[in-house]
Amino acid sequence: MRRKTPQDKKTLSLRKDRRNTYGENDKASRKAIPLAKARVNRANRHLDNQLLDSASGEPTAEGAAKAEDRVMGRRKKVWRKAPDQPLGEVLARKGKRKT
């Protein structure tokens with residue numbers, strides 16, 4: 001394996017290093033990302049509990065199976081973080097803005 005030149009290291013760094021371009025303070029992501037994940041999980045639990053509570057009356061095997069089917073059959077809410085941008089793209093965009 002050959003040694004990397006400083007120029008090779010720089011191009012690799014511009015391709016692999018990432019920057020948050022979401023638009024909010026970069027420190028805010030530390031709290032916002034876990035909060036968004038928790039909010040989605042909370043909403044999913046809430047909907048599951050509502051569906052299970054709707055199975056009122058005498059508990060039967062058939063009623064339990066129906067309630068379970070409703071819970072398992074629904075599409076869960078999902079939240080995904082938008083990926084950070086490669087550093088090279090961010091710097092190129094900033095360079096265009098200055099000129």
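Read-outs throughout are calculated quantities, based only on the coordinates presented, and are distinct from any laboratory measurement. In this text the structure is predicted, and so the values were computed from the model without any measurement. Reconstructed Cβ throughout: ideal geometry from the backbone, glycine too, with neighbour counts over all protein chains shown.
Computed quantities for the displayed model
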quantity: Phi-based couplings in Hz for the stretch 4-16 (Karplus 6.51, -1.76, 1.60; Gly and Pro marked x); calculated: 8, 7, x, 5, 4, 4, 5, 5, 5, 5, 5, 7, 8
quantity: Sequence-distant residues sharing a close amide H with residue 18 (under 5 Å, placed H); calculated: 87
quantity: Backbone HN-Hα couplings from phi across the stretch 58-73 [Karplus 6.51/-1.76/1.60, Hz, Gly and Pro as x]; calculated: 5, x, 10, 5, 5, x, 5, 5, 4, 5, 5, 4, 5, 5, 6, x
quantity: Simple spin-label estimate for residue 16 and residue 69 in nanometres, 7 Å along Cα-Cβ; calculated: 5.2 nm
quantity: Added length on full extension, which subtracts the Cα-Cα distance from 0.36 nm per residue, residue 76 to residue 31; calculated: 13.9 nm
quantity: Normalised alpha carbon radius of gyration of the chain [divisor 2.2 N^0.38 Å]; calculated: 1.91
